[in-house]
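A short write-up of the structure that comes next.
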Amino acid sequence: MKKIVILALHLGVGGAERVISNISNLLCENYDVTIISTYKLNEKPSFEIDSRVKIEYLLEDLKPNRTELKNAIKNFNIIEIIKQSFISAKILYLRKKVMVKAIKQINADIVISTRILHTKWVGKYAKKSIIKNAQEHNHHNNNKQYIKKVIKSLKNIDYFMPTSNELSKFYEKLLENKKTKVIYIPNLIENDSKEISELKEKVILSVGRLEKVKGFLDLIEVFRIVNQTYPDWKLKIAGSGSQEEELQQKICHEKLEKNIKLVRRKNKRRIN
């Protein structure tokens, strides 16, 4: 049985993590699948993973301390800022050290990277005999620096798999004379509910991490404009993250409390 290793930063909540769980559950039907995750954020992965899939955590006792550092800066706590800065530096150092070591030791037929950072290390440190695949879960948004970063990370990578057909065509042109072959494989959609909305209410639903990269502040601004013409429509934003307080303040500032609600997502199957 061929062996496949999938590299992950963590197995918490996120789009990339959802994809990792889906492809692992599919591939383990015919392959020996192992997930190597840098961090162990929770006792169990946020998304269900088949028991046949082996999971290896590299830093079980260390987690990113972004929130702690941000709070220390916000409260202007000098001692805590220094403390959290040292912890952050240690985490960043170990994050690379342990993953590079793991990549060098991989004995598999195929390795799949799900982060630019890991992709760069796979191309540099993985055994030449391994088929190297890289996924990309973000849109470039015409950011030339980001595009350059993606292209640079693909050195020695065999296959590159962007998240959409549009992105695949975009990168295909840029990689035309390179070793890396661009392939578009649509992400899996888990059909775990037989309930179908009756579409009785005028509600727009957006689900995701409440982080800057997801653009929820822009969504609120767009909805504010839409709401002027269609005041009977409502917007629900479901998720959690570091921008929660900022988003709520934006909603209040625009006086849209009656039309926009932040909903904490209690489980992945139902949002009320």
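Coordinate-derived values only; no laboratory data. Here the structure is a predicted model, which means the values were calculated and not measured. So basically every Cβ, Gly included, is an ideal-geometry build from the backbone, and we count neighbours across all protein chains shown.
What to note about this one:
- Pairs spanning more than 23 Å between alpha-carbon atoms, out of Lys96/Lys128; Lys54/Lys169; Lys63/Lys148: Lys54/Lys169; Lys63/Lys148.
- Length available on full extension from Val213 to Asn71: 0.36 nm per residue minus the Cα-Cα distance, which gives 49.1 nm.
- Degrees, to the nearest 10: 244-253 long Cα axis against longest axis of the chain: 30 degrees
- Mean Cα-pair separation over length for the stretch 203-263, i.e. relative contact order, pairs under 8 Å, 6 or more apart, %: 44 percent
- Helix axis angle, 116-125 relative to the chain longest principal axis, alpha carbon, degrees: 0 degrees
- FRET efficiency estimate (nearest 0.05) - Cβ-Cβ, Lys261 to Lys144, R0 41 angstrom: 0.65
- A DSSP coil position with no more than 15 other Cβ atoms inside 10 Å describes the following trypsin sites (Lys or Arg not before Pro) in the stretch 83-149: Lys127, Lys128.
- Here the contact order of the chain, divided by its residue count and restricted to Cα pairs under 8 Å and six or more residues apart, works out to 13 percent.
- Of all DSSP bridge pairs formed entirely within the chain, close to 0 percent run antiparallel.
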